[in-house]
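**Student:** Sharing a structure with you now.
The values are calculated or read from the model by the stated rules, or taken from the named source; none is laboratory data. Computed from a prediction, not measured in an experiment: that's the story for all the values here. FYI the Cβ positions are ideal-geometry reconstructions off the backbone, even for glycines, and counts take in every protein chain you see.
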């Protein structure tokens, strides 16, 4: 159940960003945004479950940035008929905003879904750092 909750949170985050950038700013239809969000969420969540546990939050967030950029750009060419805007620019803006959200989503995965105390920004031991 925790994974389903995390998946829905990720979908809501991605859909919200896509709705604001592609929907409100560029006028893309809601159905196209839904399909784009669904595919991006599934691909990104699969990456979160495979890449993030083996690397760091920084690497996983960078991977999410690249994945979102490529998916929005390439799927946008397929879904959006005759865009009158630069799809690459829209994909870059979208990927940057989603990457910010992904940073915090990975922390959520670590603490709430996997119930670990450590995140990429906390020390691995409970010993205080010496200056």
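Okay, residues lined up against (1) touching a helix residue (DSSP H, G or I) at 6+ places or on another chain (Cβ under 8 Å); (2) at pLDDT 95 or above:
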site: 3; (1), (2): yes, no
site: 17; (1), (2): yes, yes
site: 27; (1), (2): no, no
site: 43; (1), (2): yes, yes
site: 51; (1), (2): yes, no
site: 54; (1), (2): no, no
site: 62; (1), (2): yes, yes
site: 78; (1), (2): no, no
site: 85; (1), (2): no, no
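**Student:** For the range 11-69, give me each residue that is loosely packed, with under 14 Cβ neighbours inside 10 Å and closer than 13 Å to residue 101 by Cα.
**Tutor:** Correct list: 12, 58.
**Student:** Of all residues in the range 1-10, how many are without any contact (Cβ under 8 Å) to a residue 60 or more places away in the chain and either within 27 Å of residue 82 (Cβ to Cβ) or surrounded by 13 or more Cβ atoms within 10 Å (Cβ to Cβ) (or both)?
**Tutor:** Counting residues in the range 1-10 that are without any contact (Cβ under 8 Å) to a residue 60 or more places away in the chain and either within 27 Å of residue 82 (Cβ to Cβ) or surrounded by 13 or more Cβ atoms within 10 Å (Cβ to Cβ) (or both) gives 1.
Listed here are the residues, each with its yes/no results for (1) in contact (Cβ under 8 Å) with a residue 24 or more places away in the chain; (2) under 20 Å from residue 29 (Cβ atoms); (3) part of a loop (DSSP other than H, G, I, E, B); (4) over 10 Å from the mean Cα position of the chain (by Cα).
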{"residue": "44", "(1), (2), (3), (4)": "yes, no, no, no"}
{"residue": "60", "(1), (2), (3), (4)": "yes, no, no, no"}
{"residue": "77", "(1), (2), (3), (4)": "no, yes, no, yes"}
{"residue": "83", "(1), (2), (3), (4)": "yes, yes, yes, yes"}
{"residue": "90", "(1), (2), (3), (4)": "yes, yes, no, yes"}
{"residue": "95", "(1), (2), (3), (4)": "yes, no, no, no"}
{"residue": "98", "(1), (2), (3), (4)": "yes, yes, no, no"}
{"residue": "102", "(1), (2), (3), (4)": "yes, no, no, no"}
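**Student:** Which residue, of 72, 66, is under 26 Å from residue 113 (Cα atoms) and at pLDDT 95 or above?
**Tutor:** 66
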